[in-house]
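Q: The structure that follows is given in the form of structure tokens.
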């Protein structure tokens, strides 16, 4: 076996689970999650840059790669990450909260 | 590095890779805690009342709930996001592992040859990998436990260790050994006169839950088997790095090469639910063969369906359908007491425990639980949630 074969497979083999009847929705969820993840990368790197700038006043690549958040900064970042996830997937929280509010809501007039 | 892989085989991740891993940790927490709570609320308020209206009764079991809830949009999003999150966890750690592979091999070689720790590694090139491993990417981990991408490869071990580090959201503790640490301490306190001199771990993967037994019983000789060569190579170096002597063997737990009556304790951690029923029965028989009279067999596992209410049965069985763990539900439908007695263990020697997580409750609560076993399983047993407890069952020989 040559070293060029030394690749871990990224994809899971076999049949993929599907949950939505409409064509493409399962793929859309996967794409949305990847987009959310990449957006988070930007946000975390920005936070890193901001903290580093405040700390050092100038930037080098080495400094960037070796920077580590303090425990306090990491805690704040984790909270920010959770809030971010909650915002992206707000529609799901809304559907749970609707459980409480739906009982006393006046009925919608019939659609003509 | 990933958060909970800080031993001698830790890898260096770039800032963007760390951010992807952090996102997955928090995303998993969102789906497993927030969304899971939301789904239960929707079930209680909408789905169960509708079911009762139509059927004039509550759902009898998890299957009936599954059949009904799978039409619900929230369930579809929960499931779709959870599947994607599981795959993305592993993808988030692959690039730094690939980049570190040559370095990891060198480090593993040095650690394996180290005389400080007296563990060993025995690879059997002729071992047939069972279909339950070779034919499926178990829990959506690309390449499973056995795939080899180069000579003396240990990348699937690194993938498992670092993947679990992100996946577990801290519930497995700083060394991913919460299950082994909690249960080994419990057994030591529950049975102070039981001092195993020879211990065997079945289906050990990277040995993360094997190590605590070596720490709790430092005089014991510890062996561990798995069918995957890469996880064993990695596990051996990992154990050496942690200073615990463990002898790793590439063997099938259904039929090992060890002699009859040669171990005092034979255990497994989260292993049986990945094995077909026939294999589980054979493993229990093999454990009985290997145990000395007076020895203990113990399996740390997911609680059986018969101990759970229908909703929690449905919730735990989700993995069987969507997480590429097809043997998960068949295992959980089995009666552990019957499995042990069918293998020849005496019915009155059967044991089962529900043990608080050492990471969440501390040693004192584990010691307290030694004399306060209620046998009650609830929605904290074997499930990533606040107040997690671990379930185990087994038998004395």
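The values are calculated or read from the model by the stated rules, or taken from the named source; none is laboratory data. Quick caveat, the model's predicted, so the values are computed rather than measured. Here the Cβ is made from the backbone with ideal geometry for all residues, glycine too, and neighbour counts use every protein chain on show.
Q: When the residues of the stretch B:149-161 are filtered to those that are closer than 22 Å to residue B:210 by Cβ and surrounded by fewer than 24 Cβ atoms within 10 Å (Cβ to Cβ), which remaining residue is nearest to the other protein chains (Cβ to nearest Cβ)?
A: To start, the set of residues in the stretch B:149-161 that are closer than 22 Å to residue B:210 by Cβ comprises B:152-161.
Still in the list and also surrounded by fewer than 24 Cβ atoms within 10 Å (Cβ to Cβ): B:152-153.
Working: B:152: 10, B:153: 8 Å.
Looking at residues that are closer than 22 Å to residue B:210 by Cβ and surrounded by fewer than 24 Cβ atoms within 10 Å (Cβ to Cβ), I get B:153.
Q: In addition: From B:101, B:88, B:27, B:32, grab the single residue that is more than 8 Å from chain A (Cβ to nearest Cβ), at pLDDT below 95 and not in a loop (DSSP other than H, G, I, E, B).
A: Numbers: B:101 fails: more than 8 Å from chain A (Cβ to nearest Cβ); B:88 fails: more than 8 Å from chain A (Cβ to nearest Cβ); B:27 fails: more than 8 Å from chain A (Cβ to nearest Cβ).
Residue meeting the stated conditions: B:32.
Q: Moving on to the next point. Residues that are within 13 Å of the chain's Cα centre (by Cα): which helices (runs of 4 or more DSSP H) entirely in the stretch A:1-95 hold 1 or more of them?
A: On the way: elements: A:25-56, A:61-66, A:71-88.
Helices (runs of 4 or more DSSP H) meeting the threshold: A:25-56, A:71-88.
Q: OK, next. Would you confirm whether any residue within the stretch B:377-384 is out of contact with any strand residue (DSSP E or B) (no Cβ under 9 Å at 6 or more places or on another chain) and over 25 Å from residue B:317 (Cβ atoms)?
A: Taking every residue of the stretch B:377-384 in turn, none turns out to be out of contact with any strand residue (DSSP E or B) (no Cβ under 9 Å at 6 or more places or on another chain) and over 25 Å from residue B:317 (Cβ atoms).
Q: Considering each of B:355, B:366 in turn, give the residue that is in contact (Cβ under 8 Å) with a residue 60 or more places away in the chain, under 26 Å from residue B:313 (Cα atoms) and not in a helix (DSSP H, G or I). Let's see the steps before the verdict.
A: Values: B:366 fails: not in a helix (DSSP H, G or I).
Exactly one residue qualifies, and that residue is B:355.
Q: Return yes or no: is residue B:205 surrounded by 24 or more Cβ atoms within 10 Å (Cβ to Cβ), within 30 Å of residue B:19 (Cα to Cα) and modelled with pLDDT of 95 or more? Let's see the steps before the verdict.
A: On the way: surrounded by 24 or more Cβ atoms within 10 Å (Cβ to Cβ): yes; within 30 Å of residue B:19 (Cα to Cα): yes; modelled with pLDDT of 95 or more: yes.
The answer is yes for residue B:205.
Q: How about the stretch B:129-181: which of its residues are more than 15 Å from the chain's Cα centre (by Cα) and without any contact (Cβ under 8 Å) to a residue 40 or more places away in the chain?
A: B:131, B:134, B:135, B:143, B:149, B:151
Q: Might you let me know whether the stretch B:129-137 holds any residue that is surrounded by fewer than 21 Cβ atoms within 10 Å (Cβ to Cβ), closer than 25 Å to residue B:2 by Cα, at pLDDT 90 or above and within 12 Å of chain A (Cβ to nearest Cβ)? Steps first, answer last, please.
A: The initial filter retains those residues of the stretch B:129-137 that are surrounded by fewer than 21 Cβ atoms within 10 Å (Cβ to Cβ), namely B:129-137.
Still in the list and also closer than 25 Å to residue B:2 by Cα: B:137.
Next, from what is left, pick out any that are at pLDDT 90 or above: B:137.
Subset that is within 12 Å of chain A (Cβ to nearest Cβ): B:137.
For the stretch B:129-137, residues surrounded by fewer than 21 Cβ atoms within 10 Å (Cβ to Cβ), closer than 25 Å to residue B:2 by Cα, at pLDDT 90 or above and within 12 Å of chain A (Cβ to nearest Cβ): present.
Q: In the stretch B:294-324, what residues are part of a helix (DSSP H, G or I), within 15 Å of the chain's Cα centre (by Cα) and surrounded by fewer than 21 Cβ atoms within 10 Å (Cβ to Cβ)?
A: B:319, B:320
Q: Looking at residue B:78, is it within 7 Å of another protein chain (Cβ to nearest Cβ), over 22 Å from the mean Cα position of the chain (by Cα) and in contact (Cβ under 8 Å) with a residue 12 or more places away in the chain? Write out each step before concluding.
A: On the way: within 7 Å of another protein chain (Cβ to nearest Cβ): no; over 22 Å from the mean Cα position of the chain (by Cα): yes; in contact (Cβ under 8 Å) with a residue 12 or more places away in the chain: yes.
No: the conditions fail for residue B:78.
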